[in-house]
Amino acid sequence: MVAYKSKVVERIRLPSRERRAAALEEAGYNAFNLAADDVFVDLLTDSGTGAMSDDQWAALFRGDEAYAGSSSFDQLTSAVADVMGFERLVPTHQGRGAENVLYGALLSEGDVALNNTHFDTTRAHVSNQGAEPVDCPIAGAHDPETDEPFKGNFSLERARAVVDEVGAERVPLVIQTVTNNSTAGQPVSVENTRRVRAFADEIDATFVIDACRFAENAYFVTRREDEFADATVADAAREQLGYADALVMSGKKDGLVNVGGFVATDDGALFERCKQRAILYEGFPTYGGMAGRDVAAMAVGLREAVEESYITDRIEQVRELGAMLEAVGLPVYEPVGGHAVYIDAGATFPDIPADEFPGQALVCELYREGGVRGVELGSFAFPETDRPELVRLAVPRRTYHREHFDHVAETAEAVLEKRHEVAGLEIVSNPAVPELRHFTASLEPVSAERAAAADGGSE
Ligand SMILES: *Cc1c(COP(=O)(O)O)cnc(C)c1O
């Protein structure tokens, strides 16, 4: 049930079909290069794109901009203690700032980090420390059709196999990402978190929870894990997070703000190391790369994120979009996860081979057809990993309504009707950091002649 009404609105408009075609070409067929004004319904990401509440806007005005000892920082400290159960935190400009601070303190050259699935910035930060990121998703995690309650879980079997191979001393860090963003936003059970905690103890590793979407995960725990059937989302969240030695948080997700993040830990020595790195890379440890007003808004947002009415509406809205897309015939990843609907672009465009990026082709066609922006998370975003060709339509928090979703579903239906005419794409310029190429690379449609030649066709 909807849990809010509008107080401020932002105008949007659908550019003409000609403008959309031109914009796509100018953007090098990369949705990250599109101007937001050229986009009608923007489902590129739910990161920092949501609407703040009136209480958050009020907090913004009361933000304390003191360089040191800001009262906004005290409010955040108290919110993190109440909502997440950690006493000490280092604020950062956003989640990846927290990753740099924490993983720089925990990893050295040659180490291995285990994660149910590394989010793209996590993977890049682990690599940037000279360490190797290894994913341990459960079997079937990437299968868009298995209907399991906790497809985001961390596979202890895979983790043990890695430790047997490289030796426990090379694995100082175990990360669990809740929800598992890169595995279609699938949740992780508390039972799985407990087992990962025990495993980290066994191999003497630090256990970090990537908590960016902790409230969404906790919602699923209360609905799908028997032990928590009578628990509140707030209780489930605190229970799960409490098993970690440290948290990485992006305020742009379940902090319900437009910017911000932090590392939280109760480990005094780790906290000191993070603080030193934060001063170097982020800012003084009571503001850490955020304005005081943003710290204040996040303190309010964290508390709102675990309110039953908010989080229920949030998850139901995403599920509703998934059902609408499925109804028009799009192959939707099942079950729908916490923050986004994932579409199997390989199944949508069976004529486009993986090396011509069917996912990116779907992203481009959704834009061309209806000004809808999504993002590819298949072989374009993750070269050299064995993943399905997924496209993500992420739902910004408290932002869009049923009418927007109707438009997205109609757009998807129109794309499906011309599925056999859509061309694949090839990369024409490639940036230096391979893990992040999907943010900036440009592409071109594979020409009809080339496609025919590749097919061995003679027409
Ligand atoms: C968004 C995200 C991050 C990075 O946070 P930013 O605020 O975008 O830098 C890290 N991990 C996960 C799981 C995320 O969803």
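The values are calculated or read from the model by the stated rules, or taken from the named source; none is laboratory data. Here the structure is a predicted model, which is why all the values come from computation and not from measurement. Here the Cβ is made from the backbone with ideal geometry for all residues, glycine too, and neighbour counts use every protein chain on show. Surface accessibility is based on the protein's heavy atoms, side chains included, excluding ligands, DNA and RNA. Shrake-Rupley method; radii C 1.70, N 1.55, O 1.52, S 1.80 Å.
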Qualifying position, being open to solvent by less than 50 Å² (accessible area, probe 1.4 Å) and either over 18 Å from Leu256 (Cα atoms) or in contact (Cβ under 8 Å) with a residue 24 or more places away in the chain (or both), among Phe61, Phe73: Phe73
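Would segment 248-263 turn up any residue that is open to solvent by 30 Å² or more (accessible area, probe 1.4 Å) and acidic (Asp, Glu)? Explain how you work it out, then say what you get.
Looking only at segment 248-263, we keep the residues that are open to solvent by 30 Å² or more (accessible area, probe 1.4 Å), and these are 252, 258-259.
Applying the additional criterion that residues be acidic (Asp, Glu) yields none.
No, because not a single residue in segment 248-263 is open to solvent by 30 Å² or more (accessible area, probe 1.4 Å) and acidic (Asp, Glu).
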What pairs come out if I take residues in segment 190-205 that are within 10 Å of Asn153 (Cα to Cα) and pair them with residues that are open to solvent by 40 Å² or more (accessible area, probe 1.4 Å) and not in a helix (DSSP H, G or I) whose C-beta lies under 7 Å away, six or more apart or interchain? Thr193/Tyr243
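In this structure, is Tyr4 assigned to a loop (DSSP other than H, G, I, E, B) and on the phi < 0 side of the Ramachandran plot? If you could, list the steps in order and put the result at the bottom.
Numbers: assigned to a loop (DSSP other than H, G, I, E, B): yes; on the phi < 0 side of the Ramachandran plot: yes.
Against the criterion (assigned to a loop (DSSP other than H, G, I, E, B) and on the phi < 0 side of the Ramachandran plot), Tyr4 qualifies.
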Taking segment 17-36 on its own, how many of its residues are in contact (Cβ under 8 Å) with a residue 12 or more places away in the chain, surrounded by fewer than 18 Cβ atoms within 10 Å (Cβ to Cβ) and within 30 Å of Asp313 (Cα to Cα)? 2
Can you tell me which of (1) away from the ligand (no atom under 16 Å from the Cβ); (2) out of contact with any Gly (no Cβ under 9 Å at 6 or more places or on another chain); (3) closer than 23 Å to Leu270 by Cβ is the one Pro133 doesn't meet? (1)
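Going by the conditions given, is Pro144 within 13 Å of the ligand (Cβ to nearest atom) and either open to solvent by 10 Å² or more (accessible area, probe 1.4 Å) or more than 16 Å from Ala264 (Cβ to Cβ) (or both)?
No; evaluated as a whole, the condition is false for this residue.
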Number of the condition not met by Trp57 [criteria: (1) in a helix (DSSP H, G or I); (2) in contact with a Cys (Cβ under 9 Å, 6 or more places away or on another chain)]: (2)
Scanning segment 85-113 residue by residue, those crowded, with 23+ Cβ neighbours inside 10 Å, under 28 Å from Lys151 (Cβ atoms) and within 15 Å of the ligand (Cβ to nearest atom) turn out to be Gln94, Gly95, Ala98, Glu99, Leu102, Tyr103, Ala113
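Out of everything in segment 414-433 that is in contact with a helix residue (DSSP H, G or I) (Cβ under 9 Å, 6 or more places away or on another chain) and in a helix (DSSP H, G or I), what residue ends up being most open to solvent (accessible area, probe 1.4 Å)? Working first, answer last.
Let us first name the residues in segment 414-433 that are in contact with a helix residue (DSSP H, G or I) (Cβ under 9 Å, 6 or more places away or on another chain), namely 414-416, 418-419, 422-427, 429-431, 433.
Remaining after also requiring in a helix (DSSP H, G or I): 414-416, 419.
Numbers: Ala414: 29, Val415: 2, Leu416: 20, Arg419: 70 Å².
So the residue we want is Arg419.
Run down Ile209, Ile203 and say which single residue is crowded, with 20+ Cβ neighbours inside 10 Å and either not charged (D, E, K, R) or not assigned by TED's automatic domain parsing to the domain that holds Ile315 (or both). It would help to see each step written out before you state the result.
Values: Ile203 fails: crowded, with 20+ Cβ neighbours inside 10 Å.
Result: Ile209 is the single residue among Ile209, Ile203 that is crowded, with 20+ Cβ neighbours inside 10 Å and either not charged (D, E, K, R) or not assigned by TED's automatic domain parsing to the domain that holds Ile315 (or both).
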Selection over segment 151-206 where residues are away from the ligand (no atom under 13 Å from the Cβ), touching a strand residue (DSSP E or B) at 6+ places or on another chain (Cβ under 7 Å) and of a type in the set (Val, Ile, Thr) yields a count of 7
In segment 207-228, anything free of Cβ contacts under 8 Å to residues at least 60 places away in the same chain, more than 11 Å from the ligand (Cβ to nearest atom) and under 26 Å from Val318 (Cβ atoms) is listed as Val221, Thr222, Arg223, Asp226, Glu227, Phe228
Checklist (1) in a helix (DSSP H, G or I); (2) open to solvent by 40 Å² or more (accessible area, probe 1.4 Å); (3) aromatic (Phe, Trp, Tyr) applied to Tyr287, failing item: (1)
